[in-house]
């Protein structure tokens, strides 16, 4: 009787250990999947930002500054900006998206839907951030951040969709070199003096190129 009971206890312990090991393996597997997806997504984003920065560099003139991957905090809220051009005409934010597939949504939607068809013909959809809404928030925060340092400046912003697949016809979407050139080299609502440009660069400087 005691031997049977000992055998039952031993089997129970073994089953419990096996369940724990399987659970650990499953958790590790899930973590690996999440990391792989996040890493791929981030790599695509970084690659897109590099492409956009190279595109913007083509239209830079003397006195233009290009800053990339800028982070600020204003009033407890953070903003991350892909590319910023600073020159005598003002400050210009460029939000870059490397979204592939078909995009569906309106300018004021919180999110857009990205639809893709696989090589096998299967269709899937996922929600992605609306870059126009992101951009408007960045413009607001950056303008107030700069002004909080007693520099009066006008901030403008544009979205670059590298796959040219915007679902909306919007003035915030920019799609050609000539459009970028015109955006950053047209007299606007203010004219920055050299000392003001230097102050702004000092506030934002992370990765700066001067043409």
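Laboratory data are not the source of any read-out in this text; all were calculated from the coordinates shown. Since we're looking at a predicted model, the values are computed, not measured. A quick note on method: Cβ atoms are made from the backbone with ideal geometry, for glycine too, and the neighbour counts reach across all protein chains shown.
Tabulated data
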{"item": "Projected-area mean, the range 55-142, by convex hull of Cα positions, square nanometres", "result": "7.7 nm²"}
{"item": "Per-peptide average of other Cβ atoms within 10 Å, ordering 70-81, 104-115 highest first", "result": "104-115, 70-81"}
{"item": "Most to least packed among 92-98, 175-181 [average Cβ atoms within 10 Å]", "result": "92-98, 175-181"}
{"item": "Cα gyration tensor shape of the range 90-195, rounded if a/c is under 1.5, else prolate or oblate by comparing a/b with b/c", "result": "prolate"}
{"item": "Cα-based equivalent ellipsoid, the range 34-210: semi-axes from gyration tensor eigenvalues, Å", "result": "30, 17, 15"}
{"item": "Relative contact order of the range 34-210, pairs being alpha-carbon contacts under 8 Å that are 6 or more residues apart, as %", "result": "28 percent"}
{"item": "Percent of beta bridges antiparallel (DSSP, the range 34-210, rounded to nearest 5)", "result": "75 percent"}
{"item": "Shape call, the range 82-129: gyration tensor on alpha carbons, a/c limit 1.5", "result": "prolate"}
{"item": "Whole-Å distance, taken between Cα centres, linking the range 102-145 and the range 173-202", "result": "25 Å"}
{"item": "Most to least packed among 192-200, 127-135 [average Cβ atoms within 10 Å]", "result": "127-135, 192-200"}
{"item": "Stretchable slack from residue 175 to residue 163, in nm (0.36 nm times residue separation minus alpha-carbon distance)", "result": "3.4 nm"}
{"item": "Added length on full extension, which subtracts the Cα-Cα distance from 0.36 nm per residue, residue 148 to residue 186", "result": "11.1 nm"}
